[in-house]
Amino acid sequence: MQEITQKLWDKQNQHPDDRFRLFRAVGKVIAPKSVLYAGSYVDVAPSFIFPNVTYVDMDRRAKRFFDDEVGVKEIIKSKDTAAPNAQFSFIHSDYAKLSLPEQSFDLLISLYAGFISEYCTKFLKLGGHLLVNPSHGDAALASLDERYQLAGAVISESGDYRVVQTNLADYLQPKKTVEITRELLFSTNRGVAYTRPAFAYLFERVA
Ligand SMILES: C[S@@+](CC[C@H](N)C(=O)[O-])C[C@H]1O[C@@H](n2cnc3c(N)ncnc32)[C@H](O)[C@@H]1O
């Protein structure tokens with residue numbers, strides 16, 4: 001493995017195995033065959049759990065990282081939960097300009113990287129899922145999107161994660177009485193504070 005690959009991964013994995021635990025929790029409730037991770041940077045933790053992941057990022061360091069295919073494979077294979085023939089690919093692109101077959105992925109991942117649901121939902125199969133955290137407003141955007149239905153809340157507890165699938169109506173209730181609109185979200189680029197917060201949400205694509 002190239003030294004730069006190890007360095008980038010060590011920084012990404014500075015809370016050791018945190019993302020592994022996140023995707024492991026998600027993998028307990030869904031079993032996506034193909035995953036699209038837009039704005040992934042060098043977070044290859046989905047490949048510890050899911051058999052085929054397409055990573056997308058516009059950052060040059062992410063490209064350098066994925067260019068070291070042998071090194072990235074080594075990282076993925078370091079976890080015995082990874083599929084023996086785990087497949088991955090990297091697209092060095094703006095996720096708003098992707099050209100991929102529509103409705104071809106089972107899971108779309110959006111973590112700390114902007115309004116991915118806006119640009120990439122078309123690539124998600126009907127019945128597929130969006131894993132999204134609230135930080136940049138993308139969870140709030142998905143909650144307004146008629147193509148999505150909330151299917152789970154990802155709770156972070158004592159360094160681990162679990163996906164709750166009951167009483168989902170308690171989630172995504174804004175603390176303030178301001179009307180949440182697309183315009184508001186795009187103008188602020190910020191998440192919404194909810195009365196019952198969750199680390200992330202799982203939405204099912206229903207339309
Ligand atoms: C804060 S990092 C989060 C990385 C990763 N999702 C994680 O949670 O560890 C945001 C990443 O999104 C990428 N990004 C932001 N906007 C993007 C766009 N329009 N197209 C591709 N990548 C983008 C950035 O290059 C950066 O690597």
Farthest towards the positive end of the dipole of the chain, among Ala82, Leu126, Ser156 and with Cβ unit charges of +1 on Lys and Arg and -1 on Asp and Glu, lies the Cα of Ser156
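When all alpha-carbon pairs of segment 40-103 are counted, what percent fall beyond 13 Å?
Tail of P(r) above 13 Å: 61 percent of Cα pairs.
Given +1 on the Cβ of Lys and Arg, -1 on the Cβ of Asp and Glu, and no further charges, what dipole in debye does segment 3-205 carry about its Cα centre, rounded to the nearest 20?
100 debye
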Do you know the relative contact order of the chain, to the nearest whole percent, from alpha carbon pairs under 8 angstrom that are 6+ apart?
-> 20 percent
Per the Cα gyration tensor, segment 99-147 corresponds to an equivalent ellipsoid with semi-axes, largest first in Å, of 18, 11, 9
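Past the 13 angstrom mark, what percentage of all C-alpha to C-alpha distances in segment 1-66 do you count?
The proportion of pairs with Cα distances above 13 Å equals 64 percent.
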Report the residues of segment 59-77 in range of a label on Ile4: point 7 Å along Cα→C-beta, backbone N strictly under 17 Å from it.
-> 59-73
His92 versus Val178: modelled label distance in nm, points set 7 Å from Cα along the beta carbon direction | 3.9 nm
Considering the convex hull of the alpha carbon atoms of segment 3-205, report its projected area averaged over all viewing directions, in nm², one decimal.
-> 11.2 nm²
Ranking Phe20, Asn167, Gln6 by how far each Cα lies towards the positive end of the charge dipole of the chain (+1 on Lys and Arg Cβ, -1 on Asp and Glu Cβ), the top one is Asn167
Please tell me which of these pairs span more than 21 angstrom C-alpha to C-alpha: Lys63/Lys97; Lys7/Lys33; Lys73/Lys122; Lys122/Lys175; Lys11/Lys63?
-> Lys7/Lys33; Lys73/Lys122; Lys122/Lys175
In whole angstrom, the spacing between the Cα centers of segment 1-36 and segment 49-92 equals 9 Å
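Largest first, how would Thr195, Thr188 line up by accessible area (1.4 Å probe)?
Most to least solvent-accessible, the answer reads Thr195, Thr188.
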Taking every DSSP beta bridge that has both residues in the chain, what percent is antiparallel when rounded to the nearest 5?
-> 45 percent
Under Karplus coefficients 6.51, -1.76 and 1.60, residue-wise ³J(HN,Hα) of segment 117-125 in Hz, glycine/proline x | 4, 5, 9, 10, 4, 4, 7, 8, 5
Which residues' amide hydrogens lie under 5 Å from the amide hydrogen of Tyr148, considering only partners 5 or more residues apart or on another chain, with H built in the peptide plane?
-> Val206
Highest GNM mean-square fluctuation, the chain, Cα pairs closer than 10 Å: which of Asp43, Asp80, Asp17?
-> Asp80
For a paramagnetic label modelled at 7 Å from the Cα of Thr166 toward its Cβ, which residues of segment 175-207 fall within the zone defined by backbone nitrogen distances under 13 Å?
-> none
May I ask you to rank His15, His136 by accessible area, largest first, using a 1.4 Å probe over the protein chains only?
-> His15, His136
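The values are calculated or read from the model by the stated rules, or taken from the named source; none is laboratory data. Given the structure is predicted, the values throughout are model-derived calculations rather than measurements. Cβ sites come from the backbone with ideal geometry, for glycine too, and all protein chains shown count toward neighbours. Surface accessibility is based on the protein's heavy atoms, side chains included, excluding ligands, DNA and RNA. Shrake-Rupley method; radii C 1.70, N 1.55, O 1.52, S 1.80 Å.
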